[in-house]
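Comments concern the structure below.
The values are calculated or read from the model by the stated rules, or taken from the named source; none is laboratory data. Small disclaimer: the values here were computed from a predicted structure and weren't measured. Here the Cβ is made from the backbone with ideal geometry for all residues, glycine too, and neighbour counts use every protein chain on show.
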């Protein structure tokens, strides 16, 4: 039981989720094809009401859901999380019509969402996006002159998207994409607009990428893809805010995903070292082993508490959410890498065999240190927030 008190109802719900993941979701995950969207798994997540919770839960509940699912079925956790990441901008910034059109299908597992931010030359530096939203001449009063959006694209009503997105989870199989494109050249983060782009728009194509982690990732090519003002999420030239508010919510829950994997590796290691005989007794009786297991448990619990604290800060509207979210993702993902790697070492060669839990976790655990902001980006965010504190503006004594 974590030191952070969840209360009996939430604790029971987490236990129920772990059981559901093991009994009903893992069999569906095992039937899926690596690198492809598992629509049967999404349908079951919808049937269980878990996808609907993406739009009704606070940040802490989202973290508990992701941690619990990850403990027993990482594929189910990832499928749920990618739906949330792709659809949250529609839920938080979409018009009533956009929400009515797309969110029920996401909640039921019928429609697959994706978050299209990264580009071949703009991964960690998201403000350097180059996917161009070129305004169309729409006649008198609707041309491409400046307007409320604050830039050349601000007064446009129609655009054509041209360029490429890369490392996009659920691409190219998603039914719609939250796409971030540059509407004002040279404006950095202030010239990006978020668009809701259905997958069947003319000029939009994609291809899958073969990656280490088993969930679907691909590229998207935009060849004059038409979008209009009705497709904008939020405001023109204010799309970077849409991206950052989404990431501030989901970064702590990436940490929760990592904590779930770390806990699964720790549990497997406790069982293995208690029964495995070596040097005249169980492995757990060797001090070097028991101390490593203690360190695994210590780091896992510390990461869990930081994730819960970051989620609670988000839910209470605390002013330091970006810093806490970055800290939680950084600590939890780095911790999970350490814990899973140590678990593999203590298990020996058996953990490297295809199909072993730790072999699976070892492949899964690497990617979260990169996506939704690499560890180095998180350190940059933390430092920026620290130096921006008002008490540091004066001269040192």
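Tabulated values for the structure
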item: Residue 282, sole failed condition from (1) without any contact (Cβ under 8 Å) to a residue 60 or more places away in the chain; (2) surrounded by 24 or more Cβ atoms within 10 Å (Cβ to Cβ); (3) in the same structural domain as residue 296 (by TED's automatic domain parsing); result: (2)
item: Cross-chain or 6+ apart pairs with Cβ under 6 Å, the stretch 310-338 first and at negative phi and assigned by TED's automatic domain parsing to the domain that holds residue 386, then surrounded by fewer than 24 Cβ atoms within 10 Å (Cβ to Cβ) and not in a helix (DSSP H, G or I); result: 315/58
item: Residue in the stretch 363-397 that is modelled with the highest pLDDT, counting only those that are farther than 30 Å from residue 81 by Cα and in a loop (DSSP other than H, G, I, E, B); result: 388
item: Single match in 300, 273 (criterion: assigned to a helix (DSSP H, G or I) and either touching a residue at least 60 places away in the same chain (Cβ under 8 Å) or surrounded by fewer than 17 Cβ atoms within 10 Å (Cβ to Cβ) (or both)); result: 273
item: Index of the failed condition, residue 149 passing every other in (1) under 29 Å from the mean Cα position of the chain (by Cα); (2) modelled with pLDDT under 65; (3) surrounded by fewer than 17 Cβ atoms within 10 Å (Cβ to Cβ); result: (3)
item: Residue 234 being under 23 Å from the mean Cα position of the chain (by Cα) and either in the same structural domain as residue 80 (by TED's automatic domain parsing) or surrounded by fewer than 24 Cβ atoms within 10 Å (Cβ to Cβ) (or both); result: yes
item: Of all residues making up the stretch 344-388, the number that are surrounded by fewer than 13 Cβ atoms within 10 Å (Cβ to Cβ) and either within 17 Å of the chain's Cα centre (by Cα) or assigned by TED's automatic domain parsing to the domain that holds residue 82 (or both); result: 1
item: Boolean, residue 309 is touching a helix residue (DSSP H, G or I) at 6+ places or on another chain (Cβ under 6 Å) and assigned to a helix (DSSP H, G or I); result: no
item: Residue match in the stretch 210-229 (condition: out of contact with any helix residue (DSSP H, G or I) (no Cβ under 7 Å at 6 or more places or on another chain), surrounded by fewer than 18 Cβ atoms within 10 Å (Cβ to Cβ), in the same structural domain as residue 181 (by TED's automatic domain parsing) and free of Cβ contacts under 8 Å to residues at least 40 places away in the same chain); result: no
item: Verdict on residue 62 being part of a helix (DSSP H, G or I) and either out of contact with any helix residue (DSSP H, G or I) (no Cβ under 8 Å at 6 or more places or on another chain) or farther than 24 Å from residue 247 by Cα (or both); result: no
item: Criterion: under 19 Å from the mean Cα position of the chain (by Cα), in a loop (DSSP other than H, G, I, E, B) and either crowded, with 23+ Cβ neighbours inside 10 Å or outside the structural domain of residue 329 (by TED's automatic domain parsing) (or both) - qualifying residue of 68, 57; result: 57
item: Meets criteria (surrounded by fewer than 24 Cβ atoms within 10 Å (Cβ to Cβ) and either assigned to a helix (DSSP H, G or I) or at pLDDT below 95 (or both)) for residue 326; result: no
item: Residues of the stretch 42-53 classified as crowded, with 23+ Cβ neighbours inside 10 Å and free of Cβ contacts under 8 Å to residues at least 60 places away in the same chain, total; result: 2
item: Residue in the stretch 257-269 that is in a helix (DSSP H, G or I), over 25 Å from the mean Cα position of the chain (by Cα) and free of Cβ contacts under 8 Å to residues at least 40 places away in the same chain present; result: no
item: Residue in the stretch 200-222 that is closer than 30 Å to residue 304 by Cα and in a strand (DSSP E or B) present; result: yes
item: Filtered residue count, the stretch 346-362, keeping only those that are out of contact with any helix residue (DSSP H, G or I) (no Cβ under 8 Å at 6 or more places or on another chain) and assigned to a helix (DSSP H, G or I); result: 3
item: Residue count, the stretch 167-199 (criterion: without any contact (Cβ under 8 Å) to a residue 24 or more places away in the chain and not in a strand (DSSP E or B)); result: 1
